[in-house]
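Note sheet for the following structure.
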Amino acid sequence: MKRFLFLFAAVMATAGVSAQKHTATPEELKEGFKVLFDGTSMKKWTGNLEGYQMQDDYIYVTAKYGTEGNLYTKKEYSDFVLRFEFCFDIEGVNNGVGIRTPMNVDAAYEGMEIQILDHDAPKYSWLKPHQVHGSVYGIIPAKRIASPKLGEWNTEEIRAEGDHITVTVNGEVILDGNIREACQGHNVAPDGGKNPYTVDGKDHPGLFNKKGHIGFLGHGEGIKIRNVRVKEL
């Protein structure tokens, strides 16, 4: 029997078919979480599928920065809880999570971006507080935590409920803030010049989008992503 199962698994692997690797927990399923990536299929995603390739039970990112380097959910979301695991494979890796963003735009401005960044890498010695891992880019700085070790898997949860954004990494809340309050309601400069209400001094016209895609925003090679789940609120 064991030999049969071994041969069956080998045949299925050769055919490109594998069992589900990741799923929501029973508790998450009761709460209404849905799996966006289980390690076996990219069918719920669109965009740069060449720069986000499935390897084993994870997505490996090689996509470079740019509006065509992003991966998006096919479905749009409004309020949600997103959970996933990430692993830095190369020092200085840089990525992000787009929230309520249209496709093929700069999500940091036409939606919002939650930073994914190895911010302790020497190359980022110049980094500003609103750019560290977990920050709402250009809007709300996150609490700076130590960058994970290379090769180490970490958990992250992003909760977007109206204007309230919460980011939790490995069980620690590192950001809990209101995007509208952070910029005093002025995501775009009143006079068309430099925006004095955002911490990066730039306009973020899509900051208050009611809905849009969830995306991973490629900034070069070196991050692994797995076990992606979402719950609509």
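Values in this text are rule-based calculations from the coordinates and carry no lab data. Note that the structure is a prediction, hence the values are computed from the model and not measured. Counting neighbours? That spans all protein chains shown, and the Cβs are built from the backbone with ideal geometry, glycine included.
Observations on the model:
- Mean projected area in nm² (Cα convex hull; one quarter of hull surface) for segment 100-233: 8.6
- Charge dipole of segment 94-174 about the Cα centre (unit charges at C-beta), most positive-ward option of Thr168, Val136, Leu150: Leu150
- The chain - Rg and Dmax from Cα coordinates, angstrom: 18.5, 75
- Principal-axis tilt of helix 2-14 within the chain, Cα atoms, nearest 10 degrees: 50
- Here the sum of -39500 (n - 2.57) over DSSP H runs of 4 or more residues, divided by the residues of the chain, equals -3000 deg cm²/dmol at 222 nm, to the nearest 500.
- Longest DSSP-loop-exposure-free segment, GluC sites (Glu not before Pro), the chain, at most 13 other Cβ within 10 Å: 153-233
- With bins 5 Å wide beginning at 0, the percent of Cα pairs of segment 155-233 falling in each bin runs 3, 12, 18, 19, 20, 16, 8, 3, 1.
- Ordered by the count of other Cβ atoms within 10 Å of each Cβ, fewest first, Asp200, Asp56 give Asp56, Asp200.
- Cα-Cα over 19 Å, subset of Lys21/Lys64; Lys74/Lys210; Lys149/Lys231; Lys21/Lys224; Lys44/Lys75; Lys44/Lys231: Lys21/Lys64; Lys149/Lys231
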